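Undergrad: Input: one structure, supplied below.
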Amino acid sequence: MFRTAYLPLLLAIALTSLASKGQGEGLQRLRYSATDAGAGVDLGVGLWAWPLPMDYDGDGDLDLLVSCPDVPFNGTYFFENPDGDAKLPRFKPPVRVGPGYHDIQPSDVGDDVRLLLPGKELVDFRETGLEKFKPIYAIENIHPVKVRANQWRLVDYDGDGVRDLIVGVGDWSEYGWDNAYNAAGEWTNGPLHGYVYLLANRGTNEDPDYADPEKLRAGDQVIDVYGAPTPNFGDFDGDGDLDLLCGEFLDGFNYFENVGTRTEPAYATARRLTHDAAPLAMDLQMIIPVAIDWDRDGDLDLIVGDEDGRVALVEHSGKVVDGLPQLLPPVYFQQEPDLLKFGALVTPVSFDWDGDGDEDLLCGNTAGYIGFIENLDGGNPPRWAPPVRLQVGDKTFRVEAGPNGSIQGPCEAKWGYTTFSVADWDGDGLPDIVLNSILGRVAWLKNIGTRTEPQLAAPQPVDVAWELGAGETPPKPAWTWWTPDANELAPEWRTTPVAVDWTGDGLCDLVMLDHEGYLALYERYRDGDHLQLKPGRRAFRIEGDGAFDGNHNQVTTDATGLRLNAGTAGKSGRRKFCIVDWNRDGKLDVIVNSINANVLLNLGERNGVTTFRDLGPIDELKLAGHDTSPTTVDWNGDGERELLLGAEDGHFYYLRRQD
């Protein structure tokens with residue numbers, strides 16, 4: 001990757017990570033200070049939490065094992081409960097005890113817990129580190145098509161004393177994946193499906209003989225929830241038989257009352273769990289509920305994992321109203337501070353948000369929030385406060401896709417994927433936020449507070465002076481079903497809008513991917529008292545072929561410009577980058593996401609076109625299954641920026657620059 005002719009240029013820049021590696025360093029996760037041990041933060045793993053509640057350490061109280069199947073935080077983690085029978089203990093930080101798995105499910109069998117994966121069981125998992133298996137069924141996928149959830153559990157389904165197999169599957173075959181809206185924003189593909197199969201045991205517990213799988217029914221229909229059913233059998237209404245409670249790919253719970261008997265189950269049509277007459281819902285989606293009497297009061301609660309790695313208690317109130325168990329809204333577990341985290345696919349921006357002279361972190365994430373992580377002491381590294389979600393007025397600010405805001409369809413309704421930059425957008429001396437998201441609509445949130453106490457107004461579109469003919473509308477991606485307003489900017493989704501004075505004229509320009517994935521300069525100009533953006537100009541190139549992969553995207557360069565993503569629909573956009581004078585030569589460089597991050601060094605401008613040289617990944621560690629998000633920091637105040645990456649596990653990875 002490194003050419004000999006480039007070595008003098010690279011020694012202080014790209015070889016930074018190699019020097020760190022030689023000292024056993026490289027990219028390092030940010031941590032809370034040990035002095036912050038008295039505070040509590042959300043318990044969490046990386047992307048996607050699969051909770052396994054049990055007494056893991058044998059001390060008589062319930063701990064949490066949580067499996068995380070994604071990179072870079074893959075693993076199954078032990079959160080020790082130090083508080084005994086407390087309903088909401090503050091758990092110890094996570095300890096990795098084995099690899100992470102999709103579809104791992106716990107089954108309570110007598111006084112023990114057994115852990116199942118598709119077609120097999122983890123054997124002696126406490127002793128073997130969750131790496132020893134035994135087969136329990138010859139076929140791992142019992143459904144006729146490929147599945148996105150494959151969740152196996154043991155349960156004595158019909159009360160005969162013999163444990164049967166239950167399998168929940170998520171079927172996406174009718175849904176497809178993306179780009180299926182009509183011009184009215186209606187999804188034209190099918191829904192997600194979530195079926196529950198019974199494999200009845202005709203043998204014994206010691207020598208099982210499972211019958212062919214059959215789909216369970218409720219009323220006169222096959223049980224079918226919106227993907228990822230995560231079936232839980234238990235006596236939720238206290239009448240002595242086993243009811244069925246399922247999750248889904250989104251955020252809600254489906255309750256199937258057993259209107260038969262313990263030995264001859266029959267299920268009523270699904271009802272949604274509710275609270276105060278509204279559907280009971282988790283904060284995010286891709287939920288994984290596990291039924292257990294967590295507080296040991298005689299009824300079944302739910303322990304529920306979210307997509308962003310958090311885990312919540314959904315407590316049974318002990319009441320049943322009109323046959324429907326009354327569960328309470330989720331309360332997210334807390335742990336002792338350890339690793340700094342803000343949801344999943346965190347998108348940090350380092351900026352002194354509260355005007356006290358040190359750099360804080362503002363962050364977006366998959367849930368669509370903007371988080372403020374205050375730098376408490378200006379140290380190197382700083383002490384950090386727990387994240388606080390920013391508000392607009394008296395409401396927490398959040399972007400959500402809703403039924404048709406994501407190009408990948410209605411199953412992404414709870415995601416927001418906020419990504420932004422911070423700058424004085426309107427020239428009033430106060431920092432504002434310029435935002436993009438899952439929606440692919442660039443907006444800005446004006447700071448209507450003060451320099452030390454910022455407050456945000458509701459988002460409003462950035463203003464582009466498009467040069468349009470009669471009947472023309474602003475450009476948009478070919479797969480975007482809606483039409484932008486006259487001065488609206490509709491680029492590709494989930495790509496950072498970098499507000500920066502690129503031209504050096506004192507006005508804040510915008511640099512970001514345009515509607516076809518090219519890096520474009522939207523130059524700012526003043527029209528009387530009004531600030532506007534010129535239409536985007538593809539003013540960037542990269543030396544050589546410029547091709548490097550970034551999981552969902554690939555860089556190309558041609559006579560048209562520097563295309564940071566040539567993907568379409570769901571594979572479009574997704575570029576996260578920041579702009580900084582990385583080598584302090586007076587020219588602005590670009591740091592862009594890759595397996596971690598690549599530095600694009602500014603070689604200069606000619607005829608209005610800036611050419612970059614790609615210095616390659618800044619480190620060897622792979623952080624991205626989806627994408628990372630770079631920013632730069634200067635915690636030691638030496639004027640030289642260093643790299644901080646937000647990763648999809650929600651953690652922050654810091655790379656110290658060596659002189």
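Undergrad: Sort Arg217, Arg389, Arg202, Arg163 by accessible area with a 1.4 Å probe, largest first.
TA: Arg202, Arg217, Arg389, Arg163
Undergrad: A follow-up question, please. So for the pair Asp295, Thr396, with labels modelled 7 Å out along Cα→Cβ, what separation do we get in nm?
TA: Going from the Asp295 label point to the Thr396 one covers 2.1 nm.
Undergrad: For the range 428-483, what does the equivalent ellipsoid look like in terms of its semi-axes, each the square root of 5 times an eigenvalue of the Cα gyration tensor, given largest first in whole Å?
TA: One finds semi-axes of 30, 14, 7 Å for the range 428-483.
Undergrad: Compute the distance in nm between two label points, each set 7 Å from the Cα along the Cα-to-Cβ direction, one at Glu186 and one at Phe133.
TA: Here the answer is 4.4 nm between the modelled labels.
Undergrad: What number comes out for the charge environment of Pro535, summing +1 per Lys or Arg and -1 per Asp or Glu over other residues with Cβ under 10 Å away?
TA: Around Pro535, the surrounding residues sum to -1.
Undergrad: Students often get this wrong, so try it: which of (i) 31.4; (ii) 32.8; (iii) 28.8 is mean projected area of the Cα convex hull in nm² as calculated from the structure shown?
TA: (i)
Undergrad: Principal axis lengths of the range 520-646 from Cα atoms, whole Å, largest first?
TA: The Cα atoms of the range 520-646 stretch 49, 42, 27 Å along the principal axes, largest first.
Undergrad: Just need the Rg to Rh number for the range 307-416, please, alpha carbons only, Kirkwood Rh.
TA: Values: Rg = 17.8 Å, Rh = 16.5 Å.
Using Cα coordinates only, the ratio equals 1.07.
Undergrad: Further, regarding this structure: Note down the relative contact order for the chain as a percent, whole number, built from C-alpha pairs under 8 angstrom at least six residues apart. Numbers along the way, then the final one.
TA: Details: 1859 pairs, mean separation 78.0, N = 659.
Relative contact order for the chain comes out at 12 percent.
Undergrad: Using the Kirkwood radius over C-alpha pairs as Rh, can you work out the diffusion coefficient of the range 106-170 via Stokes-Einstein at 20 °C, viscosity 1.002 mPa s, in µm² per second?
TA: Values: Rh = 12.8 Å.
Rounded, D is 168 µm²/s.
Undergrad: Enumerate the calculated ³J(HN,Hα) couplings along the range 146-155 in order (Karplus 6.51 cos²θ - 1.76 cosθ + 1.60, θ = phi - 60°), each rounded to whole Hz, writing x wherever the residue is Gly or Pro.
TA: 4, 10, 9, 9, 8, 10, 9, 9, 9, 7
Undergrad: How large, in percent, is the carbon and sulfur part of the accessible surface of the range 409-449 at a probe radius of 1.4 Å?
TA: 58 percent
Undergrad: Could you give me the ³J(HN,Hα) list for the range 464-476, computed from phi with Karplus coefficients 6.51, -1.76, 1.60 and θ = phi - 60°, whole Hz, x at Gly and Pro?
TA: Going residue by residue, I get 10, 8, 5, 9, 10, x, 4, x, 7, 10, x, x, 7 Hz, with x marking Gly and Pro.
Undergrad: Based on the Cβ-Cβ distance of Gln460 and His102, what FRET efficiency does E = 1/(1 + (r/R0)^6) give at R0 = 45 Å, to the nearest 0.05? Each step should come with its number before you reach the end.
TA: On the way: r = 41 Å, r/R0 = 0.91.
After rounding, the FRET efficiency stands at 0.65.
Undergrad: Which values of log₁₀ I(q)/I(0), to two decimal places, follow from the Debye formula for the range 268-366 at q = 0.11, 0.12, 0.22 Å⁻¹ with a uniform point scatterer at every Cα?
TA: Ignoring solvent entirely, the Cα scatterers give -0.48, -0.55, -1.17.
Undergrad: So which of Lys341/Lys414; Lys476/Lys576; Lys132/Lys215 end up more than 28 Å apart, counting from Cα to Cα?
TA: Long pairs (Cα-Cα over 28 Å): Lys132/Lys215.
Undergrad: Taking all protein chains together and a probe of 1.4 Å, list Glu140, Glu648 from the most accessible to the least accessible.
TA: Ranking Glu140, Glu648 by accessible area, largest first, yields Glu140, Glu648.
Undergrad: Tell me the carbon and sulfur percent of the accessible area for the range 539-659, rounded to whole percent, probe radius 1.4 Å.
TA: On the range 539-659, the fraction of accessible area on carbon and sulfur atoms equals 42 percent.
Undergrad: May I ask you to derive the FRET efficiency for Thr483 and Asp356 from their Cβ-Cβ distance with R0 = 30 Å, giving the value to the nearest 0.05? Don't jump to the answer; show the numbers that get you there.
TA: On the way: r = 44 Å, r/R0 = 1.46.
After rounding, the FRET efficiency stands at 0.10.
Undergrad: If you don't mind, another one. With only alpha-carbon atoms in the gyration tensor, what are the semi-axes of the equivalent ellipsoid for the range 124-204, in Å, largest first?
TA: Ellipsoid half-lengths, sorted descending, are 35, 17, 10 Å.
Undergrad: Test of the criteria: in the range 292-359, which trypsin sites (Lys or Arg not before Pro) are in a DSSP loop and have at most 13 other Cβ atoms within 10 angstrom of their Cβ?
TA: The qualifying sites are Arg296.
Undergrad: Taking amide H positions as placed 1.01 Å from N in the peptide plane, with prolines and chain starts having none, which residues 5 or more places from Gly98, or on another chain, fall under 5 Å of its amide H?
TA: Those lying under 5 Å, H to H, from Gly98 are Thr76.
Undergrad: Oh, and also: Extension gain Ile448-Asp322, at 0.36 nm per residue separation less the Cα-Cα distance, in nm?
TA: 40.5 nm
Undergrad: At R0 = 30 Å, how high is the FRET efficiency between Asp235 and Thr204 if r is their beta carbon distance? Nearest 0.05 is fine.
TA: For Asp235 and Thr204, the calculated efficiency is 0.80.
Undergrad: Now for a separate question. Any idea what the dipole of the chain comes to, in debye rounded to 20, about its Cα centre with Lys/Arg Cβ at +1 and Asp/Glu Cβ at -1?
TA: About 2240 debye.
Undergrad: Can I ask one more? Over the chain, give the accessible area per residue in Å² for a 1.4 Å probe, as an integer.
TA: 38 Å²
Undergrad: Using the Kirkwood radius over Cα pairs, work out the Stokes-Einstein diffusion coefficient for the range 461-502 at 25 °C and 0.890 mPa s, in µm²/s as a whole number.
TA: Details: Rh = 11.8 Å.
Answer, rounded: 209 µm²/s.
The values are calculated or read from the model by the stated rules, or taken from the named source; none is laboratory data. On a predicted model such as this, the values are computed, not experimentally measured, just so you know. Every residue, glycine among them, receives a Cβ derived from its backbone with ideal geometry; neighbour counts consider all protein chains shown. SASA here: full protein model, heavy atoms, side chains in, ligands and nucleic acids out. Shrake-Rupley method; radii C 1.70, N 1.55, O 1.52, S 1.80 Å.
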